[in-house]
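One structure is given here, and the rest of the page talks about it.
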Amino acid sequence: MKNPLKVSGLIKDFSGLRAVDGISFEIEGGEFVGLIGPNGCGKSTAFNCISGLLAPSNGQIVVFGEDATYLRPDQIQSMGITRTFQHTRLWREMTVIENLLVPPRQQFAPNPILSFLRPRSRPAERERVDKAYEILDSLEISHMAHNMSSELSGGQSKLVDIGRALMGEPQCLLLDEPVAGVAGPLAEKIFVNLRNLVSEQGMSVLVIEHNMDFILRTGVDKIIVMDHGKILMLGTPEEVMASRAVTEAYLGVTEVQAV
Ligand SMILES: Nc1ncnc2c1ncn2[C@@H]1O[C@H](COP(=O)(O)OP(=O)(O)OP(=O)(O)O)[C@@H](O)[C@H]1O
Ligand SMILES: [Mg+2]
């Protein structure tokens with residue numbers, strides 16, 4: 001089986017600004033990977049290129065062995081890659097459960113109203129509803145299933161957004177700061193759940209996170225550290241912690257303190 005994602009020499013320029021500067025990495029099947037780096041280092045831009053929202057200036061994106069460099073978002077999604085956005089995009093005029101039951105708005109889903117009208121068999125619909133509740137349960141927001149999305153806090157909206165992404169049963173999930181604004185203990189639980197999805201279902205997850213301490217505690221298999229559009233370090237959490245380049249440039253300390 002080919003790896004879900006292979007990024008080679010990815011570059012993205014914005015009129016004079018090189019936001020992503022030749023990054024290369026690979027995500028294997030069933031791998032849980034953290035992508036970390038300071039503000040503006042190009043993490044979301046990398047996601048935008050991978051998910052087809054932005055055309056790369058150079059480089060190649062390969063999904064399950066097939067060139068996906070210039071494909072549209074919906075094509076990337078149909079190849080098994082789903083992404084969430086740093087700024088959540090829920091249907092505010094719908095309830096939480098309805099948000100899970102319509103196809104994702106981004107990656108160019110059809111009109112959600114039409115998808116509701118399209119006939120589906122009852123058992124299939126029942127199954128989808130059950131699955132939606134199960135996902136809400138795992139994210140600990142099933143009690144909010146019938147709340148309007150417009151009533152949710154930022155953190156709760158993030159959780160619904162993860163739920164929407166999981167509804168599509170992606171083989172590879174790209175999450176852009178999924179727990180920003182989510183309270184610490186729940187954020188950790190969500191990562192445990194993601195870890196379980198990876199282990200039990202073989203899904204691959206690439207997750208952008210701001211907080212190095214947090215990502216080191218979440219049990220990711222690998223961490224990609226970006227800085228100024230480049231990959232500063234790629235390795236296991238232990239390797240990243242031991243990396244002088246990371247501790248100097250990213251954590252802003254000159255030596256790892258013995259404890
Ligand atoms: N559409 C765009 N047009 C022009 N410049 C952009 C665009 N998108 C991002 N940039 C710039 O590219 C650089 C990288 O931005 P990006 O959003 O990828 O960073 P990030 O690592 O996700 O940061 P953060 O942690 O704040 O989310 C920044 O300087 C940003 O201002
Ligand atoms: Mg970002």
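The values are calculated or read from the model by the stated rules, or taken from the named source; none is laboratory data. All figures in this text were calculated on a predicted structure; none of them were measured in a lab. A quick note on method: Cβ atoms are made from the backbone with ideal geometry, for glycine too, and the neighbour counts reach across all protein chains shown.
Quick test for you: out of 44, 57, 78, 51, pick the one residue that is hydroxyl-bearing (Ser, Thr, Tyr), surrounded by fewer than 17 Cβ atoms within 10 Å (Cβ to Cβ) and within 16 Å of ligand 1 (Cβ to nearest atom).
On the way: 44 fails: surrounded by fewer than 17 Cβ atoms within 10 Å (Cβ to Cβ); 78 fails: within 16 Å of ligand 1 (Cβ to nearest atom); 51 fails: surrounded by fewer than 17 Cβ atoms within 10 Å (Cβ to Cβ).
After applying the criteria, what remains is 57.
Within region 1-22, how many residues turn out to be at pLDDT below 95 and either more than 16 Å from ligand 1 (Cβ to nearest atom) or part of a strand (DSSP E or B) (or both)?
Pass one, region 1-22, residues at pLDDT below 95: 1-2, 15-16.
Now restrict to residues that are either more than 16 Å from ligand 1 (Cβ to nearest atom) or part of a strand (DSSP E or B) (or both): 1-2.
The total comes to 2.
Select, from 116, 64, the only residue that is modelled with pLDDT of 95 or more and over 17 Å from the mean Cα position of the chain (by Cα).
Numbers: 116 fails: modelled with pLDDT of 95 or more.
Checking each option against the conditions leaves just 64.
Working only within region 201-224, note down all residues that are more than 11 Å from residue 237 (Cβ to Cβ) and either assigned to a loop (DSSP other than H, G, I, E, B) or at pLDDT 95 or above (or both).
202, 203, 204, 205, 206, 207, 208, 210, 211, 224
Does at least one position in region 145-167 carry a residue that is of a type in the set (Ser, Thr, Tyr), out of contact with any Cys (no Cβ under 7 Å at 6 or more places or on another chain) and under 17 Å from residue 198 (Cα atoms)?
As a first pass, look at region 145-167 and keep what is of a type in the set (Ser, Thr, Tyr): 149-150, 153, 157.
Add one more test, that the residue is out of contact with any Cys (no Cβ under 7 Å at 6 or more places or on another chain), and what stays is 149-150, 153, 157.
Then keep just the ones that are under 17 Å from residue 198 (Cα atoms); that gives none.
No: region 145-167 contains no residue that is of a type in the set (Ser, Thr, Tyr), out of contact with any Cys (no Cβ under 7 Å at 6 or more places or on another chain) and under 17 Å from residue 198 (Cα atoms).
Can you name the residue in region 184-193 that is at pLDDT 85 or above and among the hydrophobic types (A, V, I, L, M, F, W, C) and, of all such residues, is farthest from ligand 1 (Cβ to nearest atom)?
Looking at the filtered set, the residue picked out is 192.
Within the set of pairs 6 or more residues apart or between chains, which connect a residue that is under 11 Å from residue 85 (Cβ atoms) inside region 159-184 to a residue that is within 13 Å of ligand 1 (Cβ to nearest atom) and part of a helix (DSSP H, G or I) with Cβ atoms less than 8 Å apart?
174/47; 174/50; 176/43; 176/44; 176/47
Return the residue satisfying two criteria in turn: it lies in region 158-169 and is surrounded by 20 or more Cβ atoms within 10 Å (Cβ to Cβ) and away from ligand 1 (no atom under 16 Å from the Cβ), and of such residues it is farthest from residue 89 (Cα to Cα).
Applying the first criterion (surrounded by 20 or more Cβ atoms within 10 Å (Cβ to Cβ)) to region 158-169 yields 158-166.
Still in the list and also away from ligand 1 (no atom under 16 Å from the Cβ): 159-160, 162-166.
Values: 159: 12, 160: 10, 162: 11, 163: 12, 164: 10, 165: 12, 166: 15 Å.
The qualifying residue farthest from residue 89 (Cα to Cα) is 166.
Just to be sure I understand, how many residues within region 32-48 are more than 9 Å from ligand 2 (Cβ to nearest atom), part of a loop (DSSP other than H, G, I, E, B) and at pLDDT 95 or above?
Qualifying residue count for the region: 0.
Could you count how many residues in region 183-212 are over 21 Å from residue 5 (Cβ atoms) and within 16 Å of ligand 2 (Cβ to nearest atom)?
The number of residues fulfilling the criteria is 3.
Just to be sure I understand, how many residues within region 49-79 are in a helix (DSSP H, G or I) and either under 13 Å from residue 224 (Cα atoms) or free of Cβ contacts under 8 Å to residues at least 24 places away in the same chain (or both)? Spell out the reasoning first.
Step one: of region 49-79, the residues in a helix (DSSP H, G or I) are 49-50, 73-78.
After this cut, where a residue has to be either under 13 Å from residue 224 (Cα atoms) or free of Cβ contacts under 8 Å to residues at least 24 places away in the same chain (or both) as well, the list is 75, 78.
Summing the residues that are in a helix (DSSP H, G or I) and either under 13 Å from residue 224 (Cα atoms) or free of Cβ contacts under 8 Å to residues at least 24 places away in the same chain (or both) in region 49-79 gives 2.
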